[in-house]
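Data block below; observations after.
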Amino acid sequence: MMCIAVVCRPVIRSRPKTALFDGFRVLFAAACCSLIFSSSAEAGSIDDYQTKIKPLFKTRCFSCHGALKQEGGLRLDTAELMIDGGVVTRGDVSDSVLIDRVSETTVEDRMPPEHEGEALSKAEIELLAAWIAAGAPAPEDEQPETDPEDHWSFQPIVRPLVPAVENASWIRNPIDSFIATAHQQNGLTPQPEAPRAILVRRLYLDLIGIPPTSEEIAAAEQDTASDWYEQIVQRLLDDPRHGERWARHWMDIWRYSDWWGLNAQLRNSQRHLWHWRDWIVDSLNADRGYDEMVRQMLAGDELHPNDMDALVATGYLARNFFLFNRNQWMDETVEHVGKAFLGLTFDCAKCHDHKFDPIQHADFYKMRAFFEPYQVRMDMVPGEVNLTRDGIPRAFDALLDTPTYRLIRGEEGNPDKSKVIEPGIPDFLDFGTAADNPLEIRPIELPAEAWQPQRRSWVFENHLAAAKAKQKSAESKLKQAEKAKQKAKQKAGEDNAAAEYVLQLARMDVDIAQAECESVSLRYKAMQTQWAESPDEAAVAETKAAAIRAERQVSLLQAKRSLLDVDKRLAAAAEDKREAIEKEKSKAQDKVDKAEQTLAAAILPNDSFTPLIGAQWSATRFLSTGRDDPAIAFPPKSSGRRSALARWITDRNHPLTARVAANHLWTRHLGQPLVATVFDLGRNGAKPSNAALLDWLAVELIDSGYSMKHLHRLIVNSAVYRMSSSNAGAESNLAIDPDNHLWWRRVPIRLESQVVRDAVLSLAGTLDPTMGGPPVPPAKQPDSKRRSLYFFHSNNERDLFLTMFDEARVTDCYRREPSIVPQQALALTNSKLVLTAAGQIAQRLSVEGEDTREFVVRSFKTLLSIDADDAEIAASLKALSVWEGQADSSEERARAHFIWVLVNHNDFVTVR
């Protein structure tokens, strides 16, 4: 960014008066004069100013000298303002403060300042000099930047009137009226509706991510009902596979990732994050409101602390976990909350004031302060005591007293500790009132089970079940030992002693297991007593449990020692263990002695009470000690900050949230967004191609209770959605709008990686319909038939086939960018997936008694939604005949080869 004035210099035109500077200025002015004739052609017209000069000012100057700020009282967003400000004199480069300051060799005096970016290049300075020398030409009616707060996306969302249009017969719902208005204004004619087979395939792939079967296509083509299309739409929206399909879209935007790290060390995200993935699927199928989904993801633990479903939703925040650096963790949280829900690039303000939007440097840290207290833990689920095998990763507030400081220039080691930053929002987004402020922060007293998860009934049941399982295993081993002893009686000597030794050990193991069961029950009883606010009784109960464990351990150790003496051979073999055993005996006896003393006094310090484990904090290593930081307790309160932020983001009056969501929904249905920069609706983002339509969709989303299915239904039932993607007969449209910005035809969409793979398996009849559960590990993915949604997917572990077709990045993926590379064709040609499926698809499409021509027609329609013409059929029949005639071939192999060819057709990986 370029800054011409410096705050410490009240006189704008003042400049250093040194001989060195004056000499440099004279030489530079002379050089610029020599450039007038060579460069004026490059910057000597109004058009050059608009295309070269003004964009340079915009990217390097406007943020300090434009509508956002006016450092030193100077604006550079029009030529007249530069002249009035005294930094540009038409036709006189030698007297240009602008040129002086951008050419300054002293870093302290040079503009833009060091902290705002690099100096202008020699070529850029020469371009400015040539423009000034040419008289600083600019449009006569050039307007300065408008007030940033007047930007379209910062305005309240108001439902626009549905426009009346001439082409009324084309209209199916209000969406079409907005599109038809643009057609009418630009002389465009919409393409006709696509054939039924294409529409059916489009709907299936779009709404459930699975292609229709040949029977489903045939049924649709034969349906005579006037609402045949609407019936398919409703059936697919009700299909559980709808949630799976659209979950993957939102998982892209919300940066879903399974855990990754180094070997078994968790460094990023969380184990068992698949619970959050399943929550997304279930929420979409249940049509949970988008606003409620956002609230639960940001603050489910505060809003519904005893609702396990809401706790699962906070996996959105658990995913941001980073083992080593708290600042990086917080930075990414602020960045992606801003981009995903608000369509604003808050991260641009981490180091300085935002260069385009009215977001101050401090605003980044105000947003961070909402998240400063939160940490991540793993809660126990019913039926599993081992949190490594399963658990619910979730957010909770732990660092309640941790202050947030502004980091000077964003540098972690340079905090400004003179002022604690409180949670807050940019002023331009403060739409609340004193009477009803959605941003009011209210600390939350949590129910006991939220901060003492061991109270949950299934925690006790899990621990008891685990202890009983150990007891059962020990009893089984005891029975085996007793049988071995019986057999040993038939032999003589040392074998009997050895069998007796094993038997005694097995008996001791059973005693220990029984003691553990007693201990679990006593500890649970102790916790119940403690919950009744009688800590002494709780302590006594826990002491009894500890004493049982210690006594059993002593007995076991003593028995082992005695048994070692039974047989000299066994004793000699274990000589090296005697000292260790004696130490263990001594330790165990000490525990028993202390427990007995405590029991006698009936007193135990409260902090000695050890409850059952119901959750575990996700360890961090922020202190750089090489080991885990001290454990964090679960406080009985939560700050209430995140729930306040969640309420504000989803408030009916918020100007951004619904616009962002509606834009994402439209993008994935129609192939191109209404606002191209889907994560940036700010002043540096793209302008909406149809602002009225976007606002209408946003209001419709809000008024429907944020029902995404409602918006899906409207969009896919519209005429614009149902148009053909063909250019045939559209020469006039192509001349007017070659890039189809105004939607006069349907945009062909390249299938996402998951849908390509799932389509192959589905057509083959081998796709596993099982929903939910732990992800398929990488080693099992090549042979798995699960939907690709369920593949383990992290920064370090991604399926090669899916990656080939532009798999989502886990760092950010607000909109997938499709690529066309040779490896994609090779993957469809040579992969085991396709080669195996081709024969299975051919077999499913072959009908007994039908000839080869009918097989060809059905194959084209099922795989590509194409009604094969005579030429295509003839070529296909000829190829099939040649393949069948080859050595070691057959009709089945020839048909499999034909299907293999169609899978490699461009239309197979395209939604027309």
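Some values worked out for this structure:
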| quantity | calculated |
| --- | --- |
| Criterion: touching a helix residue (DSSP H, G or I) at 6+ places or on another chain (Cβ under 8 Å) and not assigned by TED's automatic domain parsing to the domain that holds L344 - qualifying residue of R809, R816 | R816 |
| Residues of the stretch 781-823 classified as out of contact with any Phe, Trp or Tyr (no Cβ under 9 Å at 6 or more places or on another chain), under 21 Å from G261 (Cα atoms) and assigned to a helix (DSSP H, G or I), total | 2 |
| Output for the stretch 160-180, where each listed residue is more than 15 Å from A691 (Cβ to Cβ) and among the hydrophobic types (A, V, I, L, M, F, W, C) | A164, V165, A168, W170, I171, A180 |
| Hits in the stretch 249-276 (condition: touching a residue at least 24 places away in the same chain (Cβ under 8 Å) and more than 19 Å from A318 (Cβ to Cβ)) | H249 |
| Selection status of R844, surrounded by 14 or more Cβ atoms within 10 Å (Cβ to Cβ), basic (K, R) and outside the structural domain of A875 (by TED's automatic domain parsing) | no |
| Some residue of the stretch 668-687 being more than 21 Å from the chain's Cα centre (by Cα), surrounded by 18 or more Cβ atoms within 10 Å (Cβ to Cβ), at pLDDT 95 or above and among the charged types (D, E, K, R) | no |
| Looking only at the stretch 174-212, and only at residues there that are touching a helix residue (DSSP H, G or I) at 6+ places or on another chain (Cβ under 7 Å) and surrounded by fewer than 20 Cβ atoms within 10 Å (Cβ to Cβ), the one that is nearest to L761 (Cα to Cα) | R196 |
| Given (1) farther than 25 Å from R809 by Cβ; (2) in contact with a helix residue (DSSP H, G or I) (Cβ under 9 Å, 6 or more places away or on another chain); (3) crowded, with 19+ Cβ neighbours inside 10 Å; (4) not hydroxyl-bearing (S, T, Y), number of the condition A362 does not satisfy | (3) |
| Hits in the stretch 299-333 (condition: acidic (D, E) and over 30 Å from N263 (Cα atoms)) | D301, E302, D307, D309 |
| Meets criteria (within 30 Å of S153 (Cα to Cα), modelled with pLDDT of 95 or more and assigned to a loop (DSSP other than H, G, I, E, B)) for T433 | no |
| Qualifying residue in the stretch 131-154 (condition: closer than 30 Å to A730 by Cβ and either at pLDDT 90 or above or surrounded by 20 or more Cβ atoms within 10 Å (Cβ to Cβ) (or both)) | no |
| Filtered residues of the stretch 635-674 (kept if within 25 Å of V720 (Cβ to Cβ) and free of Cβ contacts under 8 Å to residues at least 60 places away in the same chain) | A662, L665, W666, L674 |
| Top-ranked residue in the stretch 343-354 [being buried (at least 24 other Cβ atoms within 10 Å of the Cβ) and not small (G, A, S); ranked as farthest from Y290 (Cα to Cα)] | H354 |
| Criterion (closer than 28 Å to L828 by Cβ, outside the structural domain of R288 (by TED's automatic domain parsing) and crowded, with 19+ Cβ neighbours inside 10 Å) met by exactly one of L789, L714, L800, L693 | L789 |
| Enumeration of residues in the stretch 72-86 that are out of contact with any strand residue (DSSP E or B) (no Cβ under 6 Å at 6 or more places or on another chain) and not hydroxyl-bearing (S, T, Y) | G72, G73, D77, A79, E80, L81, M82, I83, D84, G85, G86 |
| Residue within the stretch 785-796 that is of a type in the set (S, T, N, Q) and modelled with pLDDT under 95 present | yes |
| Some residue of the stretch 228-235 being surrounded by 15 or more Cβ atoms within 10 Å (Cβ to Cβ), touching a residue at least 24 places away in the same chain (Cβ under 8 Å) and either in a loop (DSSP other than H, G, I, E, B) or hydrophobic (A, V, I, L, M, F, W, C) (or both) | yes |
| A633 crowded, with 17+ Cβ neighbours inside 10 Å, hydrophobic (A, V, I, L, M, F, W, C) and either modelled with pLDDT under 95 or not assigned by TED's automatic domain parsing to the domain that holds P426 (or both) | no |
| Evaluation of A808 against (1) buried (at least 22 other Cβ atoms within 10 Å of the Cβ); (2) modelled with pLDDT of 95 or more (one fails), failing number | (2) |
| Pick from the stretch 277-333, criterion touching a residue at least 40 places away in the same chain (Cβ under 8 Å) and among the basic types (K, R), ranking: surrounded by the fewest Cβ atoms within 10 Å (Cβ to Cβ) | R326 |
| Among the residues listed as S762, S788, the single one being of a type outside the set (D, E, K, R) and touching an Asp or Glu at 6+ places or on another chain (Cβ under 8 Å) | S788 |
| Out of D430, D401, D379, sole residue that is more than 30 Å from T345 (Cβ to Cβ) and without any contact (Cβ under 8 Å) to a residue 40 or more places away in the chain | D401 |
| The stretch 738-780 - residue that is of a type in the set (A, V, I, L, M) and in a helix (DSSP H, G or I) and, of those, farthest from L833 (Cα to Cα) | A779 |
| Residue within the stretch 143-155 that is closer than 22 Å to L670 by Cβ, in the same structural domain as R668 (by TED's automatic domain parsing) and assigned to a loop (DSSP other than H, G, I, E, B) present | no |
| Among (1) outside the structural domain of L76 (by TED's automatic domain parsing); (2) not in a helix (DSSP H, G or I), the one test that R201 misses | (2) |
| Residues within the stretch 680-727 that are farther than 25 Å from Q185 by Cα and hydroxyl-bearing (S, T, Y), tallied | 3 |
| Failed item, numbered, when Y814 is tested on (1) at pLDDT 90 or above; (2) closer than 30 Å to A874 by Cβ; (3) not acidic (D, E) | (2) |
| Selection status of I873, among the hydrophobic types (A, V, I, L, M, F, W, C), part of a helix (DSSP H, G or I) and touching a Leu at 6+ places or on another chain (Cβ under 8 Å) | no |
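The values are calculated or read from the model by the stated rules, or taken from the named source; none is laboratory data. Everything quoted here is computed from the prediction, not taken from an experiment. Positions of Cβ are backbone-derived with ideal geometry, glycine not excepted, and every protein chain shown enters the neighbour counts.
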